[in-house]
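A quick write-up on the structure given underneath.
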Amino acid sequence: MRTKQELGAAIRRDRRAALVVNAHSRRGRHLHEQARARLTAAGFHLLGDHPVEQPGQLERALAAAVDLGPDLLVAGGGDGTLSTAARLLAHRDMALGLLPLGTTNNFARTVGVPLELDRAVDVLADGTVIDVDLGLAGDMRFTNHVGVGLSADIMLRTPPRLKRVIGRLAYPLTALALLARHRPLRVTVRAGDARHEFVTHQVYVANGGFHAGRPIAADADADDRLLVAYPVGGADRRGLVRDTARNAATGHRRSVGDEPFLAVGELWLETDRPARVEVDGELCGRTPIRIGLDANALRVMAPAGSPDR
């Protein structure tokens, strides 16, 4: 496999790419044609162009793009689309290019890719190849986070049309509708010899640095060999709303060393009753679950000068 420097040089020199856009994502349907035009204007030779209208076709389109053998696979869509692409490209001699066209775009924010289409294409043309960690929920790789509790119910119940119309506000509105009848969980997190217990409506385990489009903590990222586990609120429903607002407002001022964060490389999470698990916005079984890391598993095009551990 080529080094990151060799792969980056090949991308800048040969401009061999394949494009997959989730046209079902919030902005994908409107921006697919613009993305193709801007990539072509930037000098990219598109070996394949795959707009995906149905969610069930995404993995097949990504696999077809990989089979074309590009140096750069450009994926346009939300966090679910990018997480699916990341799973497919793990440990491959190919870089993932990000076109953030979704609702919250957490992974793009973590990597530092601008949300504006023109500037994101500039990163693909002139950026650098870095490698980042992927999380492992059981044997399923993920880019951003695992959510247990209310967030999994939100993923199940948030209407896609509402996401397209009002963006990331669709999630808190759905949460408020569900919260009145949601029962708290007694959660146990084991990491090495340590054991942590709490009662909450929601717990997250993050690999990346952003959640709901907001910083988790100033020093959280996807390239530090750490997962960050944290509950949001306690058993009181009002506490969940309060802590959600506080996290969104103060994340950029906090550190992963602060309470209530637990920063570890691997953990085991169980609940007092089986609870749904969502992985980057996709439902993925129920608790108990082991969550770990696949270090430096994914190569990504990032802005020039991005840190790379």
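The values are calculated or read from the model by the stated rules, or taken from the named source; none is laboratory data. Since we're looking at a predicted model, the values are computed, not measured. Every residue, glycine as well, gets a Cβ built from its backbone with ideal geometry; the counts of neighbours run over all protein chains shown. Accessible surface is based on the protein model in full, side chains and every heavy atom, while ligands, DNA and RNA are left aside. Shrake-Rupley method; radii C 1.70, N 1.55, O 1.52, S 1.80 Å.
Summary table
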{"read-out": "The chain: most fluctuating residue of HIS211, HIS32, HIS196 per GNM, C-alpha cutoff 10 Å", "value": "HIS196"}
{"read-out": "Crossing angle, helix 237-250 versus the chain [Cα axis fit, 0-90 degrees, rounded to tens]", "value": "40 degrees"}
{"read-out": "Reference-scaled alpha-carbon Rg (2.2 N^0.38 Å with N residues) for the chain", "value": "0.97"}
{"read-out": "Per residue solvent-accessible surface (Å²) - region 158-282, probe of 1.4 Å", "value": "49 Å²"}
{"read-out": "Heavy-atom accessible area per residue - region 41-133, 1.4 Å, Å²", "value": "33 Å²"}
{"read-out": "Column: log10 I(q)/I(0), Debye, Cα scatterers of region 28-82, q = 0.16, 0.17, 0.27, 0.30 Å⁻¹", "value": "-0.48, -0.54, -1.31, -1.44"}
{"read-out": "Listed residues ALA152, ALA180, ALA235, most fluctuating in the chain (Gaussian network, C-alpha, under 10 Å)", "value": "ALA180"}
{"read-out": "Apportionment of accessible area to carbon and sulfur, the chain, percent (1.4 Å)", "value": "51 percent"}
{"read-out": "Within the chain: Cβ-based charge dipole about Cα centre, in debye rounded to nearest 20 (Lys, Arg +1; Asp, Glu -1)", "value": "1000 debye"}
{"read-out": "Diffusion coefficient, µm² s⁻¹, Stokes-Einstein with Kirkwood Rh over alpha-carbon pairs of region 204-251 at 25 °C and 0.890 mPa s", "value": "218 µm²/s"}
{"read-out": "Linear extension gain, LEU178 paired with ASP308, 0.36 nm per residue minus alpha-carbon span", "value": "42.8 nm"}
{"read-out": "Taking the C-alpha atoms of region 93-143, convex hull volume expressed per residue in Å³", "value": "92 Å³"}
{"read-out": "Rg(Cα)/(2.2 N^0.38 Å) for region 169-298, N = residue count", "value": "1.02"}
{"read-out": "Antiparallel content of DSSP bridges confined to the chain, in %, to 5", "value": "70 percent"}
